[in-house]
Amino acid sequence: MRTVLIIGLGRFGKHLALRMAELGNEVMVVDTDEAKVEEMLPFVTRAQIGDCMNEKILRSLGVTNFDFCFVAIGDNFQASLEITSQLKELGARYVIAKADRTIHEKFLLRNGADAVIHPERDAAMRAARAYGARNVFDYLELTEDFSVIEVAVPDSWAGKSIGELRVQSKYNVNIIACKIGGKIRPVAGADYVLSKEQHIIIAGNADKCAIIPELP
Ligand code: ATP
């Protein structure tokens, strides 16, 4: 369980708060808009009305107690920047700011954000990766150079064992699981033989996965 502060209840902040709470985390939300705060009351641990550009209010939240502080304000960049920088000055451990434009990301990082989420761009990148390559069924980017990708078993791999294919030593990526009839199972070892009916889950550098010639 993590303790999370979310400032700003636009669509992003709201969805984030609901899901974080659903996952069992302790969530506090703050917004200047009373109606938005009230709407969240049944779902989160604490909800407060307040303008976080006001240092006294921000200080009163006890920002050092949270594992993560999210600044989920997009429209008012000045507010987003000031709150991000103030959170860090007050000793917030890890500040994640939402950016609506790439240029904002740079300023937020320079002014104290530990990480920046650019929701539209990030979602577009994921969608392009997931749907832009034929036969990629799912895609999860964990870091810039490490992803988990679900693909169909290439024709030339069907009937061969993982050891025989030497995917790990050839491409430095790993086949970590297979999916049959909607169920994911870890692959038992090098002797495991792939079949055309299944999908495989590959973990590693996405660019390396993209150059595997057998993958469609
Ligand atoms: P969306 O996620 O819907 O795209 P957005 O980033 O465009 O949202 P904004 O309208 O910028 O959303 O603001 C998000 C929320 O942040 C709003 O509910 C707004 O009331 C709140 N907010 C803006 N400034 C402050 C502030 N200084 N202190 C607290 N909350 C604020």
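Straight-distance candidates among the aspartates and glutamates for linking to Lys88, with alpha-carbon spacing under 15 Å and chain neighbours fewer than 8 residues away dropped: Glu55, Asp67, Asp114.
Can you compute the FRET efficiency between Phe137 and Ala190 using 1/(1 + (r/R0)^6), with r the Cβ-Cβ distance and R0 = 35 Å? Round to the nearest 0.05. For R0 = 35 Å, the calculated efficiency reads 0.90. Can you give the longest run of the chain that contains no GluC sites (Glu not before Pro) sitting in a DSSP loop with at most 15 other Cβ atoms inside 10 Å? The longest such stretch corresponds to 1-143.
Within straight-line reach of Lys196, meaning a Cα separation under 17 Å, sit the following lysines at least 8 residues removed in sequence or on another chain: Lys160, Lys179, Lys183. In the calculated pair-distance distribution of the chain, the portion above 25 angstrom amounts to 51 percent of the Cα-Cα pairs.
Using Cα springs under 10 Å in a Gaussian network model of the chain, which residue among Val63, Val44, Val193 shows the largest mean-square fluctuation? Evaluated over the chain, the most mobile residue of the options is Val193. If you bin all the Cα-Cα distances of segment 6-76 at 5 Å, starting from zero, the percentages per bin are 3, 17, 33, 27, 16, 4, 0.
Rolling a 1.4 Å probe over the heavy atoms of the protein chains gives segment 3-117 an accessible area of 51 Å² per residue. Ranking Gly181, Phe77, Val116 by Cα position along the charge dipole of the chain, where only Lys, Arg, Asp and Glu carry charges on their C-beta atoms, puts Gly181 farthest toward the positive end. Only helices enter the 222 nm calculation for the chain: every DSSP H run of n ≥ 4 contributes -39,500 (n - 2.57), and dividing by all residues gives -9500 deg cm²/dmol, rounded to 500. Given +1 at the Cβ of Lys and Arg, -1 at the Cβ of Asp and Glu and no other charges, the dipole of the chain around its Cα centre is 500 debye to the nearest 20.
To put it simply, the accessible area of the chain at a 1.4 Å probe is 51 percent carbon and sulfur.
The values are calculated or read from the model by the stated rules, or taken from the named source; none is laboratory data. This structure is a prediction, so every number in the text was calculated from the model and none was measured. Heads up, the Cβs are rebuilt from the backbone with ideal geometry, glycines too, and the neighbour counts pull from every protein chain shown. Accessible surface areas use protein heavy atoms only, side chains included; no ligands, DNA or RNA. Shrake-Rupley method; radii C 1.70, N 1.55, O 1.52, S 1.80 Å.
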